[in-house]
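Can you read through this structure? Questions will come right after.
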């Protein structure tokens with residue numbers, strides 16, 4: 001990276017420039033949130049296709065997401081870099097500070113969700129889902145549906161700035177937890193090989209963590225809008 005590519009170097013060069021107006025500052029905050037929503041929407045839209053690619057053993061589609069998620073990680077890093085520049089330049093306080101901190105924190109949730117989807121897609125390299133028992137395949141499909149719904153609604157909470165969405169999503173996250181327990185129970189009571197058991201237990205964990213990251217997105221909206229921190233009961 002050259003000196004001119006360093007955001008802090010750019011900040012130093014601009015130090016003597018005219019101060020940013022309040023309107024321009026709010027536009028910067030809005031732009032950071034739009035970048036977050038774009039990245040989170042990309043992840044939300046990928047959950048069902050990645051699940052289908054897994055169940056159909058569609059290696060081409062799975063590898064496509066693995067490549068795409070590297071681009072997502074780069075977008076999240078650019079978002080974080082832009083957020084740090086705004087923090088350094090504007091020294092925000094109160095609600096503005098909450099908005100930036102929450103956006104940066106949730107950018108990490110989105111990036112980690114992309115990584116988890118990459119792990120799910122990569123499972124095809126050593127797992128043959130077509131050969132799995134129908135009951136297990138159905139549970140994975142349901143898991144994908146539930147998690148996709150949670151994540152899409154978390155993105156909608158950011159778009160609508162809905163500070164109450166986290167309450168509902170925390171309840172729906174219980175359904176994801178239940179599916180994880182049900183899937184693990186079926187695996188332990190079934191006739192899967194040890195290798196399949198380990199791989200599927202990891203899959204269940206990946207989906208459960210994606211749901212958790214979706215809930216964290218919605219919790220971020222609550223904190224940014226109200227200063228309250230909703231937690232699990």
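The values are calculated or read from the model by the stated rules, or taken from the named source; none is laboratory data. Predicted model only: the values in this text are computed from it and were never measured. Cβ atoms come from the backbone with ideal geometry, glycine included; neighbour counts cover every protein chain shown.
Search segment 72-91 for residues being in contact (Cβ under 8 Å) with a residue 40 or more places away in the chain and more than 14 Å from residue 35 (Cβ to Cβ), and hand back the single one that is nearest to the chain's Cα centre (by Cα).
Residues of segment 72-91 that are in contact (Cβ under 8 Å) with a residue 40 or more places away in the chain, as a first pass: 72-73, 75, 78-79, 81-86, 88-90.
Checking which are more than 14 Å from residue 35 (Cβ to Cβ) leaves us with 88-90.
Details: 88: 26, 89: 27, 90: 27 Å.
My answer is 88.
Now for a separate question. Would you tally the residues in segment 27-57 being buried (at least 19 other Cβ atoms within 10 Å of the Cβ) and either in contact with a strand residue (DSSP E or B) (Cβ under 7 Å, 6 or more places away or on another chain) or more than 30 Å from residue 100 (Cα to Cα) (or both)?
4
Restricting attention to segment 176-187, does a residue exist that is under 18 Å from the mean Cα position of the chain (by Cα), buried (at least 19 other Cβ atoms within 10 Å of the Cβ) and in a helix (DSSP H, G or I)?
Yes, segment 176-187 has at least one match.
Here is a follow-up. Confirm whether residue 145 is closer than 21 Å to residue 182 by Cα and either in a helix (DSSP H, G or I) or in contact (Cβ under 8 Å) with a residue 40 or more places away in the chain (or both).
Details: closer than 21 Å to residue 182 by Cα: yes; either in a helix (DSSP H, G or I) or in contact (Cβ under 8 Å) with a residue 40 or more places away in the chain (or both): yes.
So residue 145 passes the test.
Determine which single condition residue 60 fails, assuming it passes every other condition in (1) under 19 Å from the mean Cα position of the chain (by Cα); (2) modelled with pLDDT of 90 or more; (3) surrounded by fewer than 18 Cβ atoms within 10 Å (Cβ to Cβ).
Against the list (1) under 19 Å from the mean Cα position of the chain (by Cα); (2) modelled with pLDDT of 90 or more; (3) surrounded by fewer than 18 Cβ atoms within 10 Å (Cβ to Cβ), residue 60 comes up short only on (1).
Turning to a different aspect of this structure: Which of the numbered conditions does residue 166 fail, given that it passes all the others? Conditions: (1) closer than 26 Å to residue 57 by Cβ; (2) under 21 Å from the mean Cα position of the chain (by Cα).
So the condition that residue 166 fails would be (1).
I'd like the full set of residues that are outside any helix (DSSP H, G or I) and touching a helix residue (DSSP H, G or I) at 6+ places or on another chain (Cβ under 7 Å), limited to segment 74-112.
Correct list: 92 only.
Let me ask something else. With the structure loaded, tell me whether residue 67 is surrounded by 17 or more Cβ atoms within 10 Å (Cβ to Cβ) and within 18 Å of the chain's Cα centre (by Cα) or whether it fails that test.
When the stated conditions are applied, residue 67 does not pass them.
I would also like to ask the following. Those residues that are out of contact with any helix residue (DSSP H, G or I) (no Cβ under 7 Å at 6 or more places or on another chain) and part of a loop (DSSP other than H, G, I, E, B), I need them from segment 148-167; list them, please.
Of everything in segment 148-167, just one residue is out of contact with any helix residue (DSSP H, G or I) (no Cβ under 7 Å at 6 or more places or on another chain) and part of a loop (DSSP other than H, G, I, E, B), namely 164.
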